[in-house]
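Working notes, structure below.
The values are calculated or read from the model by the stated rules, or taken from the named source; none is laboratory data. Computed from a predicted model, the values in this text were never measured in an experiment. Every residue, glycine among them, receives a Cβ derived from its backbone with ideal geometry; neighbour counts consider all protein chains shown. Ligands, DNA and RNA are stripped out before the accessible areas are found, and what is left, the full protein with its side chains, is counted by its heavy atoms. Shrake-Rupley method; radii C 1.70, N 1.55, O 1.52, S 1.80 Å.
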Amino acid sequence: MAAEPAPAARELETALRRFELAMLRELGYAVEFAREAGNGAPIEAGRDYWYVAERGPVRAGEGETPANAVRLRGLTLIDLERGRFEDAATAAQAKQLMRLLINHSLNGQELATRALVRDLQSLGSTE
């Protein structure tokens, strides 16, 4: 089992996720967390969903993984809608989702902010 990140690392991760969401919105990417793509049904906390780039959340069922998608808990989507990152699973899944959406939006190019965070983390570990 992975260790819980230190409070400073959690705060950094939360700030980064909020920045990434704001950036996506500023770029015109309509991030939908509250409703299912296609039918507009409200997200249910106890269900699993695929968040499909260019589409949004769709119910996860039996079968193949959709292309360009990440699997999330309904609770994670609800937490993201509310701007809450306290839950460890929400934080981890939010990171996966942001990577998917940013990579999709940038056609695979890396953001300089990711390299900056890695550099800052490596500096912190040498102290």
* Asked: Cβ under 13 Å from P42's Cβ, P42 left aside: what net charge do those residues give with Lys, Arg +1 and Asp, Glu -1?
  -> -1
* Asked: Rounded to the nearest 0.05, what FRET efficiency is calculated for L12 and A41 with R0 set to 30 Å and r the Cβ-Cβ distance?
  -> 0.30
* To do: With 10 Å bins from zero, work out the P(r) of the chain over every alpha carbon pair and list the percent per bin.
  => 12, 42, 34, 11, 2, 0
* Structure fact -> For the chain, the accessible surface attributable to carbon and sulfur atoms (probe 1.4 angstrom, ligands and nucleic acids excluded) amounts in percent to 52 percent
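Tally Lys and Arg at +1 and Asp and Glu at -1 over the other residues with C-beta under 12 Å from the C-beta of A53: what net charge comes out? Don't jump to the answer; show the numbers that get you there.
Details: positive: R55, R99; negative: E32, E54.
Cβ neighbours under 12 Å give a net charge of 0.
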* Structure fact -> Along the stretch 16-22, Karplus-curve 3J(HN,Hα) (6.51, -1.76, 1.60; θ = phi - 60°) to the nearest Hz, with x for Gly and Pro, reads 5, 4, 5, 4, 4, 4, 4
* Can you list residues whose amide H is under 5 Å from E36's amide H, if they're 5+ apart or on another chain and H is modeled 1.01 Å from N? -> A41, I43
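What ranking, highest mean first, results for peptides 8-15, 48-55 when packing means the other Cβ atoms within 10 Å averaged over each residue? Display every interim value, and only then the final one.
Values: 8-15: 13.6, 48-55: 18.1.
Descending mean neighbour count gives 48-55, 8-15.
Which value at 222 nm does the chain reach when only helices count, each DSSP H run of 4 or more adding -39,500 (n - 2.57), with the total divided by all residues and rounded to the nearest 500 deg cm²/dmol? Walk me through the intermediate numbers first.
On the way: 4 runs with 62 residues, N = 127.
About -16000 deg cm²/dmol.
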* **Cα gyration tensor shape of the stretch 1-55, rounded if a/c is under 1.5, else prolate or oblate by comparing a/b with b/c** => oblate
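Just the accessible area per residue of the chain, please: how many Å² with a 1.4 Å probe?
On the way: 7910 Å² over 127 residues.
For the chain, the solvent-accessible area averages 62 Å² per residue.
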* Please report, in Å, the Rg and the Dmax of the stretch 66-121, where both are computed over Cα atoms only. => 12.6, 35
* Asked: Hey, what did the stretch 26-127 get for relative contact order, percent, Cα under 8 Å, at least 6 apart?
  -> 21 percent
* About its Cα centre, how strong a charge dipole does the chain have in debye, to the nearest 20, once Lys and Arg get +1 and Asp and Glu get -1 at the Cβ? -> 140 debye
* What is the distance, in nm, between label points placed 7 Å from the Cα along the Cα-to-Cβ direction at H104 and at D48? -> 1.9 nm
* Structure fact -> Under the Karplus relation with 6.51, -1.76 and 1.60 and θ = phi - 60°, whole-Hz ³J(HN,Hα) for the stretch 69-74, x at Gly and Pro, equal 9, 9, 8, 9, 6, x
* Asked: How large is ³J(HN,Hα) for each residue in the stretch 56-65, as worked out from phi by the Karplus curve 6.51 cos²θ - 1.76 cosθ + 1.60 (θ = phi - 60°), to whole Hz, x for Gly and Pro?
  -> x, x, 10, 4, 7, x, 6, x, 6, 6
